[in-house]
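**Q** Below you'll find the structure I mean.
The values are calculated or read from the model by the stated rules, or taken from the named source; none is laboratory data. Bear in mind that the values here come from a model prediction, so they are computed numbers and not experimental data. Cβ placement follows ideal geometry from the backbone for every residue including glycine, while neighbour counts extend to all protein chains displayed. Side chains are part of the model used for accessible areas, which takes the heavy atoms of the whole protein and leaves out ligands, DNA and RNA. Shrake-Rupley method; radii C 1.70, N 1.55, O 1.52, S 1.80 Å.
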Amino acid sequence: MKIIDLFCGIGGLSLGFEQAGFEVVSAVDMWEDAVKTYNHNREQKVAQVISVEDYNDLVLPTVLAHQGHITGIIGGPPCQGFSTVGRRVVDDPRNKMYLEFYKAVKLAKPDFFVIENVKGMLTLNKGAFVKDLLARFGKEGVDGEKGLGYTISYQLVNAADYGVPQNRYRVFYVGIKNKKFVFPEPFGYQLTAKDGISDLLHSTNEYYGSEPVNDFQRAMRGNMTHPINQDYTDHSQQTIDIISKIPDGGNIRSLPREYWEVRKYNKAFERMGTFKPSNTIDTGHRNYFHYAEPRIPTLRESARLQSFPDSFEVLGTRGSQYKQVGNAVPPMLAYVIAQNIKQILE
């Protein structure tokens, strides 16, 4: 079952779908660092640095000619223009990539599509994005143009409900031809940040800190004998002293008021809790700290909390690496979505 990944980043969605048995035959992103990481971790270097607009015009016709039927198109197109009030928001230039995703689906006519986005897209401008997506990709159509005819399901899901040791809320829109997608039931348990990364404590790029203590850690390690991307950040003594005072699961507001001026917002200097999943791993990394040590997570720890296997190596500068991982879809979350799609298709 062949799929295309648009706005692929480093390939969190791709990896999850591959683990479920799909074959990614083409992938696209404009960020060169992310594409290098994507291709570095796969035998088939299918990702290209190209705009989706140029991809649709210049590459997709060739892909369709060579590959034959495409089973699915997946991706997370930016849709910020739907926050605009008082105008035909779909025409906002910032929505161009969303419309290019639509164009790719229209051209390829896959059996299914998946769009992943932040939860704010559910409510921006009174749900304008959701309304347009349901009409454009569904049966209603927009502006006199016929809809693509997909049956669409959408839901806000938390990665922590599906085995990922991180609270990460994202909306998935799944459209299937003539069949309705049913979202998977939560697993009934959640892993804590400690459950996710405790074996990486005191580890280096040469050795692990301890033996794996649960199935998640064993799965992430696979056959690896040592972690990679496990470089520690040097903090100032002031930062170390402040972090050391923050309690398990607390933040800078847990400290006396004189510390609040160090960072001006409530999420500053937040510490992982040993009793709950990690907070969302985002593109920054200077305000969220390890549960047991006065430091930010290593890149490997961040990738582990995102459910990337330890064999997955992220390339680029340190800042770029953290951004690449923070932008990604957790592969384990992508996998459970992909599994349900596969079962419905079969």
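**Q** Given Asn125, Ala34, His69, which one lies farthest toward the positive end of the charge dipole of the chain, if we put +1 on the Cβ of every Lys and Arg and -1 on the Cβ of every Asp and Glu?
**A** Asn125
**Q** If you line up the long axis of helix 96-108 against the longest principal axis of the chain, both from Cα atoms, how many degrees apart are they, to the nearest 10?
**A** Long axis of 96-108 versus the principal axis of the chain: about 50 degrees.
**Q** What is the distance in Å between the Cα centroid of segment 91-160 and that of segment 1-37?
**A** 19
**Q** Where in segment 311-346 is the amide nitrogen less than 11 Å from a point lying 7 Å along the Cα-to-Cβ axis of Phe187?
**A** Only 332-333, 336 fall inside the zone, counting backbone N under 11 Å.
**Q** Also, quick follow-up: Considering the dipole of the chain built from charges on the beta carbon (Lys and Arg +1, Asp and Glu -1) around the Cα centre, which of Ser278, Ile176, Phe289 is farthest to its positive end?
**A** Comparing the listed Cα positions along the dipole, Ile176 ranks first.
**Q** Can you return the lysines within cross-link range of Lys119? Criterion is Cα-Cα under 19 Å, with same-chain partners fewer than 8 residues away left out.
**A** Hits, sequence-local ones excluded: Lys131, Lys267.
**Q** Also, quick follow-up: Work through the residues other than Pro330 whose Cβ is under 10 Å from its Cβ and net out their charges, Lys, Arg +1 and Asp, Glu -1.
**A** +2
**Q** Students often get this wrong, so check it: of Lys103/Lys179; Lys96/Lys180; Lys194/Lys342; Lys179/Lys323; Lys245/Lys276; Lys109/Lys342, which have C-alpha atoms separated by over 26 Å?
**A** Lys96/Lys180; Lys194/Lys342; Lys179/Lys323
**Q** I would also like to ask the following. Report the full-extension gain for the segment Asn178 to Ala292: residue separation times 0.36 nm, less the Cα-Cα distance, to one decimal in nm.
**A** Value of the extension gain: 36.0 nm.
**Q** Here is a follow-up. Quick one: what do you get for segment 196-346 if you divide its Cα Rg by 2.2 N^0.38 Å?
**A** After normalising by residue count via 2.2 N^0.38 Å, the value is 1.13.
**Q** Related question: What are the ³J(HN,Hα) values, in whole Hz, obtained from phi via the Karplus relation 6.51 cos²θ - 1.76 cosθ + 1.60 with θ = phi - 60°, for each residue of segment 225-230 in sequence order, with x given for Gly and Pro?
**A** After applying 6.51 cos²θ - 1.76 cosθ + 1.60, I find 9, 7, x, 10, 6, 10 Hz.
**Q** Further, regarding this structure: Enter the Cα centre distance for the pair segment 174-242 and segment 284-346, rounded to the nearest angstrom.
**A** After rounding, the separation between the Cα centres reads 8 Å.
**Q** While we're looking at this one, here's another question. Can you match semi-axes √(5λ) of the Cα gyration tensor in Å to one of these, [x] 58, 25, 15; [y] 29, 26, 19; [z] 36, 23, 18, based on a calculation from the structure here?
**A** Structure-derived value, by its label: [z].
**Q** Just to verify a number: FRET efficiency for Ser236 and Arg257, C-beta to C-beta distance, R0 = 22 Å, to 0.05?
**A** The computed FRET efficiency comes out at 0.55.
**Q** Quick one: with all protein chains in place, what share of the accessible area of the chain is carbon or sulfur, to the nearest percent (1.4 Å probe)?
**A** 50
**Q** Output wanted: per-residue J couplings in Hz (rounded whole) for segment 309-325, from phi through Karplus 6.51 cos²θ - 1.76 cosθ + 1.60, θ = phi - 60°, x for Gly and Pro.
**A** Once rounded to whole Hz, the list reads x, 5, 6, 7, 9, 9, 9, x, 5, 4, x, 5, 4, 4, 5, 4, 5.
**Q** Between Leu345 and Tyr169, what is the FRET efficiency for a Förster distance of 22 Å, r being their Cβ-Cβ separation, to the nearest 0.05?
**A** The pair Leu345/Tyr169 has a calculated efficiency of 0.25.
**Q** Rolling a 1.4 angstrom probe over the protein chains, ignoring ligands and nucleic acids, what is the accessible area of Ser254 in square angstrom, nearest 10?
**A** Surface open to solvent at Ser254 totals about 60 Å².
**Q** Evaluate the distance, in nm, between pseudo-label points positioned 7 Å from the Cα of Asp248 and of His202 along their respective Cα→Cβ axes.
**A** 1.8
**Q** For Lys109 and His40, calculate 0.36 nm times their separation in residues minus their Cα-Cα distance, and state this gained length in nm to one decimal.
**A** Separation in residues times 0.36 nm, less the Cα-Cα distance, equals 21.9 nm.
**Q** Simple spin-label model, 7 Å along Cα-to-Cβ: His226 to Thr274 in nm?
**A** With each label placed 7 Å out from Cα toward Cβ, I get 2.9 nm.
**Q** If you don't mind, another one. Provide the per residue accessible area, probe 1.4 Å, for segment 137-294, rounded to a whole number of square angstrom.
**A** So segment 137-294 comes to 51 Å² accessible per residue, rounded to a whole number.
**Q** Any chance you could give the angle, 0 to 90 degrees and rounded to 10, that helix 128-137 forms with the longest Cα principal axis of the chain?
**A** 50
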